[in-house]
Amino acid sequence: MTSVCGHVMTLDFLGKYNKWDKVDPAELFSQAPTEKKEANPKLNMVKFLQVEGKGCDYIVLWLDCDKEGENICFEVLDAVLPVMNPAHGSEKTVFRARFSSITDTDICNAMARLGEPDHNEALSVDARQELDLRIGCAFTRFQTKYFQGKYGDLDSSLISFGPCQTPTLGFCVERHDKIQSFKPETYWVLQAKVNTDKDRSLLLDWDRVRVFDREIAQMFLNMTKMEKEAQVEATSKKEKAKQRPLALNTVEMLRVASSSLGMGPQHAMQTAERLYTQGYISYPRTETTHYPENFDLKGLLRQQANHPYWADTVKQLLSEGGEAWWLYEYITRHFIATVSYDCKYLQSTISFRIGPEHFTCTGKTVISPGFTEIMPWQSIPLEESLPTCQRGDTFPVGEMKMLEKQTSPPDYLTEAELITLMEKHGIDASIPVHINNICQRNYVVVESGRRLKPTNLGIVLVHGYYKIDAELVLPTIRSAVEKQLNLIAQGKADYRQVLGHTLDVFKRKFHYFVDSIAGMDELMEVSFSPLAATGKPLSRCGKCHRFMKYIQAKPSRLHCSHCDETYTLPQNGTIKLYKELRCPLDDFELVLWSSGSRGKSYPLCPYCYNHPPFRDMKKGMGCNECTHPTCQHSLSMLGIGQCVECENGVLVLDPTSGPKWKMACNKCNVVAHCFENAHRVRVSSETCSSCEAALLDVDFNKAKSPLPGDETQHTGCVFCDPVFQELVELKHAASCHPMHRNGPGRRQGRGRARGRRPAGKPNARRPKDKMSALAAYFV
C-alpha cells in the first residue's frame, strides 16, 4: 500500500517553447509539441512507484473518485505497468476501487466491488489540461510582454489569461460597472403603527410599498394621518414548511465557508481535503446533492448518537486549528439536517385599512423546529405573535408618518455570490483555483465581508476584452467547452475532435486579439503610467552611464529611458544600490537583492542577470552563481563548499552581512548564520585537507572574540574545524518534505557530492564519514 501526492505528471511544452523570447505565442496553439513530465521532480514519484510496483502481479487503484482521480489512475499505471509481472493470458491485473469515504464499511464494500479505471474520464482531464495550457499560455505571454514593456505601475508579475479565470474576473467587473453606473432615486413610504394593548404595538407595511413622487406621498399621508383607528379587513393563517437542506456538494460547501465561516474557497477546499484524508468526512469534491442508494445513513447517524458535542473528535480537530473544526462542525450539522424533518411554522397575516389606504402585518409561529434544531442559524426568526382578531375589529393608530429613502446600488460580489454565478454558467471545475488566481494576479482584492473589489488592472483588462472580443470574457464559450469535455467523459465525443476544434476557435480569436490590441492599449494609457515616467533613479546603465529607474511595482525591474531597455530583477525582496560598484564585464552598476535580515542576499549585475555572459550560466543568475574567474563578487571568489541540503547548490559567503555574517546556498533556501560580531570574514584560497571546501579567515575584535585563549584570528573549515562548528547555525527558509528527511529534523551527510563545484576551487564536497556540522544544526 502506498500513495501519491496529487498528480504524478503535468503537461508542459518541450524545450524552446518554454522560452518566452524565442517563440511566437501563436505557435503554442498547434505547432508546439507537449510532453508529460513529473509534476514535482523533487519527489521522484515515478521512480518511487516503480520501486514499489516492481514484481507485483496486481494493482488496485484507490485514487479519489472524480475525473482528476481517474486521470491520476492512468498516470500511476504508466509508471508501474512496465515493471509489474506480465499477466497470464487474459487475466485482469488492474482494478479500480470506488468509494466516497474512508470508513470500514465503505472500504470493504469498495474492495468487494472492484471495477476498472474509466479511460474516457481521464481523457476529458487530458483535454482540459491541454486546452488550458495552450490557450492560457498564448494569451498570457502576448499580453504580459506587450503591456509590461510599456507600463511601469501595473503591479502584477503576470498579466494572465485563462479560459475559466477571465470569465470569473468578468463577473466581478460586471458588478463593479453596475455600481459605478447606478444613479440613486429618492422615494417615499408611509409607515403606520397601531396599538394592540397598553404596552404593545404593531408596525404595518404599506401595500403600495413606495412611491417616487413626494407630492403623491404627501397626498396619501394627508388622507390617513387624521384617522384614529385601523380596521381589520381580513385575517389568514397558513401552515408552511421550510425545506430541510439537500446533501452537501462542493459548491454549496464553498459558498457557506466563505459567507458564514470567513474562509476563502481555496483555503476551505484544502481544509476539507485534509479532513477527508484524515477520515473525518467523505470525499468533498462532489457535484451531486443526493446520497447514493447504498449510502449507510443509519450507520453514520449512530456514530453521532452519543456525542457530548462530538467528544474526542473535537479535541483532535481543535488541536489542528479552529477553522478545521468549524468546517467539520458545519458538515456534520448539515448531514444530520438532511435526514431530519422539515421545519414547520404557522404564518399569520392581518390586513388593515386606515382611511382609504391598506396596510399589512405578518407574523410567524414555529410548530415544529425540525432540522433547524441542528442548524439554528436557519431557524425561523422569533417574531412577535399577532393578536387574535377578526374582520371588523379596530385598533387605535399610534403613529402615521412619511419616510424619505433612497434606492441603493448593489454591493461588490461576495465570494459566495461569485461561486453561485460560476456554477450557474458551467464554470464549476476548480472554482477555488480560479478565484485564488484573480486575487494573486492583483485583478481583485478581498475586502471586509469577503467581497471582491476589482483593481484598475482587472477593470481595464475586462473592458479591453469586451472592446475587442466579448466572448473572451463572457462565460458562454467556456460553458460550451465544458459541455464538450463532459461528453468526452461520457464516451459520447471524440477527444481529438473536441481538442482540435476548440483550439482552432481560440487560435482565430488570438490572431484577432493581437491585431486589435490597440483597443485595449487605449484603455491602459488612461489608467497606467509609461515605463519612462515610473520609478525612481537607482543605478547607472553600463551603456549610456545615465541612471536607470527602479520600478518597484510587480514585476520589479530597472528601466533605462535613454536606451529604452528594461532589465528584470529577482522578485519578492528588496533592491538597493551595491556600494556603486560596477561589473567588470559591462560596466553596469551592481545592485543588491535581499529577502530580509535573516534571509538571503546577493549582488547582481542587471545586464548579466538578463544576458548570461558565460555558457555555463543561465538567465536569472546573480553574482553568487557567476563563474567569472577573478571578479571579487563572483562564485569563484566567494564560494565555500557544496550545500548540505541540495545536490547542485554551493554555500556562498555574503560579504555584506557583517557583523551578523552568513553564508547562503545559491540554489536553495539554506542560510548559515555564523561568526557574529566578527570584524572581518574572508574566503581563503586554501582548501580543507579533509573535505576540500574553501577555508575561511575570520578576525574578531578582542573584546568580543569567542575564540579560545583570547585569540582574535582563526583560519579553518566551517565543516570540519571544531572551533568553527560551534559558531555556525543553519536555517532553512522552507520546510523539507517528509519523504526527504532522515530522522527528526536533520539530514545525514552523504559522502562525495555529485553536484557542481565552485569555479576555481577543487571539488568542494561534504565530509565523508560523519554528519556535517552544518547539517546537525538543520532546523
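The values are calculated or read from the model by the stated rules, or taken from the named source; none is laboratory data. Predicted model only: the values in this text are computed from it and were never measured. Note that each Cβ is placed from the backbone with ideal geometry, even for glycine, and that neighbours are counted across all protein chains shown. Note: accessible area is taken over every heavy atom of the protein model, side chains too, but ligands, DNA and RNA are not part of it. Shrake-Rupley method; radii C 1.70, N 1.55, O 1.52, S 1.80 Å.
With respect to the numbered conditions (1) open to solvent by less than 20 Å² (accessible area, probe 1.4 Å); (2) part of a helix (DSSP H, G or I), which one is the sole condition not fulfilled by residue 161?
Among (1) open to solvent by less than 20 Å² (accessible area, probe 1.4 Å); (2) part of a helix (DSSP H, G or I), residue 161 violates only (2).
Hey, among 142, 171, 147, which residue is more than 30 Å from residue 75 (Cβ to Cβ), open to solvent by less than 30 Å² (accessible area, probe 1.4 Å) and more than 21 Å from the chain's Cα centre (by Cα)?
When all the criteria are applied, what remains is 147.
For region 646-669, how many residues are out of contact with any Asp or Glu (no Cβ under 9 Å at 6 or more places or on another chain), in contact (Cβ under 8 Å) with a residue 60 or more places away in the chain and among the small types (Gly, Ala, Ser)?
Going through region 646-669 one residue at a time, the tally reaches 1.
In region 50-68, how many are crowded, with 16+ Cβ neighbours inside 10 Å and of a type in the set (Phe, Trp, Tyr)?
Residues that pass the stated criteria total 1.
When the residues of region 264-285 are filtered to those that are β-branched (Val, Ile, Thr) and in contact with a Leu (Cβ under 8 Å, 6 or more places away or on another chain), which remaining residue is modelled with the highest pLDDT?
271
Considering region 648-667 alone, what residues qualify as being open to solvent by 20 Å² or more (accessible area, probe 1.4 Å) and under 17 Å from residue 604 (Cα atoms)?
655, 656, 667
Scan region 101-128 residue by residue and report those that are in a loop (DSSP other than H, G, I, E, B), under 30 Å from residue 163 (Cβ atoms) and either open to solvent by 40 Å² or more (accessible area, probe 1.4 Å) or out of contact with any Phe, Trp or Tyr (no Cβ under 8 Å at 6 or more places or on another chain) (or both).
118
Residues of region 35-49 being over 25 Å from the mean Cα position of the chain (by Cα) and open to solvent by less than 50 Å² (accessible area, probe 1.4 Å), which ones?
46, 49
Go through region 459-468 residue by residue and tally those that are farther than 11 Å from residue 527 by Cβ and buried (at least 21 other Cβ atoms within 10 Å of the Cβ).
So the answer is 2.
How do the pairs read when you match residues in region 449-463 that are farther than 18 Å from residue 255 by Cα with residues anywhere that are of a type in the set (Asp, Glu), using Cβ under 6 Å and keeping only pairs 6 or more apart or on different chains?
none
Looking only at region 321-356, filter to residues that are within 31 Å of the chain's Cα centre (by Cα) and charged (D, E, K, R); which one of those is most open to solvent (accessible area, probe 1.4 Å)?
323
Is it true that residue 420 is farther than 11 Å from residue 156 by Cβ, in contact (Cβ under 8 Å) with a residue 12 or more places away in the chain and open to solvent by 20 Å² or more (accessible area, probe 1.4 Å)?
yes
If we keep just the residues of region 527-548 that are within 13 Å of residue 150 (Cβ to Cβ) and open to solvent by 60 Å² or more (accessible area, probe 1.4 Å), which is modelled with the highest pLDDT?
Applying the filter and picking the extreme gives 530.
Which count do you get for residues in region 505-535 that are under 30 Å from the mean Cα position of the chain (by Cα) and more than 30 Å from residue 550 (Cα to Cα)?
The qualifying residues number 6.
Given 52, 91, which one is in a helix (DSSP H, G or I) and not hydrophobic (A, V, I, L, M, F, W, C)?
Selected residue: 52, the only one of 52, 91 that is in a helix (DSSP H, G or I) and not hydrophobic (A, V, I, L, M, F, W, C).
Give just the number: which of (1) crowded, with 16+ Cβ neighbours inside 10 Å; (2) in a loop (DSSP other than H, G, I, E, B) does residue 698 not satisfy?
For residue 698, the failing item is (2).
Only one of 313, 289, 372 is surrounded by 15 or more Cβ atoms within 10 Å (Cβ to Cβ) and either closer than 30 Å to residue 224 by Cβ or at pLDDT 60 or above (or both). Can you tell me which?
Testing whether each residue is surrounded by 15 or more Cβ atoms within 10 Å (Cβ to Cβ) and either closer than 30 Å to residue 224 by Cβ or at pLDDT 60 or above (or both) leaves just 372.
Quick one: which helices (runs of 4 or more DSSP H) sit completely within region 403-502 and have at least 2 residues that are farther than 28 Å from residue 31 by Cα and in contact with a Ser or Thr (Cβ under 8 Å, 6 or more places away or on another chain)?
Qualifying helices (runs of 4 or more DSSP H): 415-424, 431-440, 456-468.
Could you tell me whether residue 676 is in contact with a Leu (Cβ under 9 Å, 6 or more places away or on another chain), in a loop (DSSP other than H, G, I, E, B) and closer than 28 Å to residue 595 by Cα?
So residue 676 passes the test.
Quick one: would you say residue 64 is outside any helix (DSSP H, G or I), out of contact with any Leu (no Cβ under 6 Å at 6 or more places or on another chain) and farther than 30 Å from residue 162 by Cα?
no
Just wondering, is there one or more residues in region 478-492 that are open to solvent by less than 60 Å² (accessible area, probe 1.4 Å), in contact with a His (Cβ under 8 Å, 6 or more places away or on another chain) and among the β-branched types (Val, Ile, Thr)?
Scanning region 478-492 turns up no residue that is open to solvent by less than 60 Å² (accessible area, probe 1.4 Å), in contact with a His (Cβ under 8 Å, 6 or more places away or on another chain) and among the β-branched types (Val, Ile, Thr).
Select from region 69-87 the residues that are surrounded by fewer than 18 Cβ atoms within 10 Å (Cβ to Cβ) and either among the polar types (S, T, N, Q) or outside any loop (DSSP other than H, G, I, E, B) (or both) and list them in ascending order.
If the condition is that a residue be surrounded by fewer than 18 Cβ atoms within 10 Å (Cβ to Cβ) and either among the polar types (S, T, N, Q) or outside any loop (DSSP other than H, G, I, E, B) (or both), then 78, 81, 82, 83, 85 are the ones that fit.
So how many residues does region 236-257 have that are open to solvent by 70 Å² or more (accessible area, probe 1.4 Å) and not charged (D, E, K, R)?
Adding up the residues that qualify gives 2.
Scan (1) within 30 Å of residue 235 (Cβ to Cβ); (2) modelled with pLDDT under 95; (3) not hydroxyl-bearing (Ser, Thr, Tyr) for the single condition residue 447 breaks and write down its number.
(1)
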